[in-house]
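Colleague: If you scroll down you'll find the structure; I have some questions about it.
The values are calculated or read from the model by the stated rules, or taken from the named source; none is laboratory data. What you see is a predicted model; the values in this text were computed from it and never measured. Here the Cβ positions follow ideal geometry from the backbone for every residue, glycine too, while neighbour counts run over all protein chains shown.
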Amino acid sequence: MAITQQHRIGSGFGPRSTAGEVVDGVDLAGKTVLVTGGYSGLGKEATVALARAGAHVVVPARRVEAARKALCDIESVEVDELDLADLGSVRTFSERFLDTGRTVDIIIANAGVMAYPRRQVGPGWEAHFAINHLGHFALVNRLRPALAPNGARVVMVASSAHFLSDIRWSDLHFSRGYDIWQAYGQSKTANALFATHLDAIGAASGVRAYAVHPGSILTPLQRNIAHAEQVAQGWIGSDGRQADGFKTPAEGAATAVWAATAASLAEFGGVYCQDCDVAELATDDDMLVGGVKAWAVEPASAERLWALSSELTGLDDFTDHAH
């Protein structure tokens, strides 16, 4: 992929489009969609929209009972157990799914953590990187045999927080100088690079991948951030109301749902999207304007991260099939 693909394509949708609007008229009957974390915040909005468009939605969840309760009134949704911080859990979930013999048409990698105090998981991996990136890397690789042979899409929910950090190749897991925002930012850069390389090696077999910035939305993702800090960041006013320019959860879920279903994206892959369109390359550091930093869609970095992720997880079910 050439980075020059990062240009708007005139989708007909915009920042205020909702998840329901972008699938209006899209028929997903007979399709199986997997949405990680699809039971709260943006994930639930995506699940609702995709189910209403006719898809059968599988929601892997760490908190299974909470997920079942949140989704109990939505038809054609099933919940299963998955903890992205535990590669053993990723394996057992994937094996259960593969044993059903079903194909999966769309994966939306939506689950994630933000602003965690310093925490390590697995063999000393920094938690944001491990959960937001490596867990999804392992999941998509393990589900490769189920990806629909007539074309599947993988959508990584990234963030404009990728502006805050490129991949820290020399200190991936923050052995020194831990910063919650850099850690989160690095994981979101990783999400975008994962989509870049997955598309590069998957396109020949019909697998297309996209990364999306949902926009600024207040959801349970901010649960670790004190009220005073949210005021200081300008996310909410002292009266508790969210700032102008913030999206509703239905608007925030729209870009992921659009990337998962839009016919106009079929000829593009590996691109970073925002506001229900392909994003432009960022020309400055204004995260509110957004766009994508070149480091998050750079093919050589994407290939390097893939190799590193494969080494860490012991998985690479795509490269062997790429040619």
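Colleague: How many residues does region 149-191 contain that are without any contact (Cβ under 8 Å) to a residue 40 or more places away in the chain, under 18 Å from residue 123 (Cβ atoms) and either touching a His at 6+ places or on another chain (Cβ under 6 Å) or among the small types (Gly, Ala, Ser) (or both)?
Modeller: Total meeting the criteria: 1.
Colleague: Being touching a residue at least 40 places away in the same chain (Cβ under 8 Å) and either within 18 Å of the chain's Cα centre (by Cα) or over 23 Å from residue 207 (Cβ atoms) (or both) is the requirement here; does residue 34 meet it?
Modeller: For residue 34, the condition - touching a residue at least 40 places away in the same chain (Cβ under 8 Å) and either within 18 Å of the chain's Cα centre (by Cα) or over 23 Å from residue 207 (Cβ atoms) (or both) - is met.
Colleague: Check every one of the strands (runs of 3 or more DSSP E) wholly within region 23-130 and list those with 2 or more residues that are aliphatic (A, V, I, L, M) and touching a Lys or Arg at 6+ places or on another chain (Cβ under 8 Å).
Modeller: Passing ranges, in order: 106-109.
Colleague: Determine, yes or no, whether residue 203 is at pLDDT below 95, out of contact with any helix residue (DSSP H, G or I) (no Cβ under 8 Å at 6 or more places or on another chain) and either surrounded by 20 or more Cβ atoms within 10 Å (Cβ to Cβ) or more than 18 Å from residue 90 (Cβ to Cβ) (or both).
Modeller: Yes: the conditions hold for residue 203.
Colleague: Which residue, of 79, 90, 59, is buried (at least 22 other Cβ atoms within 10 Å of the Cβ) and under 15 Å from residue 45 (Cα atoms)?
Modeller: 59
Here is a yes/no grid of residues against (1) crowded, with 17+ Cβ neighbours inside 10 Å; (2) in contact (Cβ under 8 Å) with a residue 12 or more places away in the chain; (3) farther than 22 Å from residue 162 by Cβ; (4) of a type outside the set (A, V, I, L, M, F, W, C):
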| residue | (1), (2), (3), (4) |
| --- | --- |
| 103 | no, yes, yes, yes |
| 110 | yes, yes, no, yes |
| 115 | yes, yes, no, no |
| 131 | yes, yes, no, no |
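Colleague: Being among the charged types (D, E, K, R) and either within 23 Å of residue 42 (Cα to Cα) or touching a residue at least 60 places away in the same chain (Cβ under 8 Å) (or both) is the requirement here; does residue 142 meet it?
Modeller: yes
Colleague: Of all residues being closer than 16 Å to residue 309 by Cα and in contact (Cβ under 8 Å) with a residue 40 or more places away in the chain in region 117-129, which is farthest from the chain's Cα centre (by Cα)? Just the residue, please.
Modeller: So the residue we want is 124.
Colleague: With the structure loaded, tell me whether residue 113 is within 18 Å of residue 35 (Cβ to Cβ), at pLDDT below 95 and under 18 Å from the mean Cα position of the chain (by Cα) or whether it fails that test.
Modeller: Taking the combined requirement at face value, the residue satisfies it.
Colleague: Please verify whether region 304-322 includes one or more residues that are acidic (Asp, Glu) and more than 30 Å from residue 31 (Cα to Cα).
Modeller: yes
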